[in-house]
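The values are calculated or read from the model by the stated rules, or taken from the named source; none is laboratory data. This structure is a prediction, so every number in the text was calculated from the model and none was measured. Don't worry about glycine lacking a Cβ; one is built from the backbone with ideal geometry, like all the others, and counts go over all protein chains shown.
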Amino acid sequence: MAEHKQAGDAREMSFWDHLDDLRKTLFRIAIGIFACMILVFVNKYIVFDVIIFGPTSSDFLLYRALCSLGNLLSLPSLCIEPFSLHNLQNITISGQFFTHVSTSFWFGFVLSFPWIIYQLWLFVRPALYENERSAISKAFAFSSILFFVGVLVGYFLVFPMTLKFMGFYEVSKSVDNIFTLTSYIDTLTILVLGMGIVFQMPILILILSRIGVVNKAFLRKYRRHSIVVILTLAAIITPSPDPTTMLAASIPILLLYEFSIYICKQ
């Protein structure tokens, strides 16, 4: 069995001891998510009308910022024509209620992420040696920061650009785009949480480097391969004919890769 290295007192733990610790950890994580979920649930107006449906209007921050940049660089194509996507539909009796519940859960997960990471750290810490704890603790702490940065990039950059293109793409003028509430929420959740997870890449590489799986030379050797993969993923996430959209989504991930090389162990 794995040995928990307590400060000054190492003790052997049985399988059931580990299982009991894991059960307690998962219970505390669930309590944290539930508390944040309730907080989100009772603030329905802010969550939906202000945050979730914010990108459905041309008044959204990203669109206004792109227009300002277009005016500065004399690129009027960056200015988005006024639009409003307020024709979302709910097609089931209980659809709006369960959408409210599920959205509250995912928002609760995002808000409680630091708590989740902290609980996971408490679970793995006793199994680490003293010289390992400092580096791993910093990685766990930095994980939360990267997650929130990824979520913000997904919400303010990736999702609005995807919505603007996919929401108004048409094969014929005779076909109207009418979206369901579920489709909109699912797309938002996947892209925003997906970016939060992608932004964990430096933490994953740092851990892999600590256990000797990768190193700086390996990452530098396959840099060009990684760039191709990242650009391909960005093109899939933001399927827009405008190359600036793809670049806007890929640049943060490329910077993450370079940062991963920087923090990677020799």
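Here's a check for you: in the range 228-252, which residue that is of a type in the set (Gly, Ala, Ser) and surrounded by 19 or more Cβ atoms within 10 Å (Cβ to Cβ) is modelled with the lowest pLDDT? If we take residues in the range 228-252 being of a type in the set (Gly, Ala, Ser) and surrounded by 19 or more Cβ atoms within 10 Å (Cβ to Cβ), then ALA248 is modelled with the lowest pLDDT. Just one of (1) under 30 Å from SER57 (Cβ atoms); (2) surrounded by 15 or more Cβ atoms within 10 Å (Cβ to Cβ); (3) in contact (Cβ under 8 Å) with a residue 60 or more places away in the chain fails for ILE203. It is (1).
Only one of ILE145, ILE178, ILE136 is exposed (fewer than 14 other Cβ atoms within 10 Å of the Cβ), part of a helix (DSSP H, G or I) and either out of contact with any helix residue (DSSP H, G or I) (no Cβ under 9 Å at 6 or more places or on another chain) or among the hydrophobic types (A, V, I, L, M, F, W, C) (or both); which?
Working: ILE178 fails: part of a helix (DSSP H, G or I); ILE136 fails: exposed (fewer than 14 other Cβ atoms within 10 Å of the Cβ).
After applying the criteria, what remains is ILE145.
On the stretch given as the range 168-219, residues that are small (Gly, Ala, Ser) and touching a strand residue (DSSP E or B) at 6+ places or on another chain (Cβ under 8 Å) total 0. Filtered by the rule that a residue be more than 20 Å from the chain's Cα centre (by Cα) and either of a type in the set (A, V, I, L, M, F, W, C) or part of a loop (DSSP other than H, G, I, E, B) (or both), the range 47-59 gives SER58, ASP59. The residue pairs whose first member lies in the range 216-228 and is over 9 Å from TYR257 (Cα atoms), whose second member is part of a helix (DSSP H, G or I) and of a type in the set (A, V, I, L, M, F, W, C), and whose beta carbons are closer than 6 Å, counting only pairs six or more residues apart or on different chains, are LYS216/ILE261.
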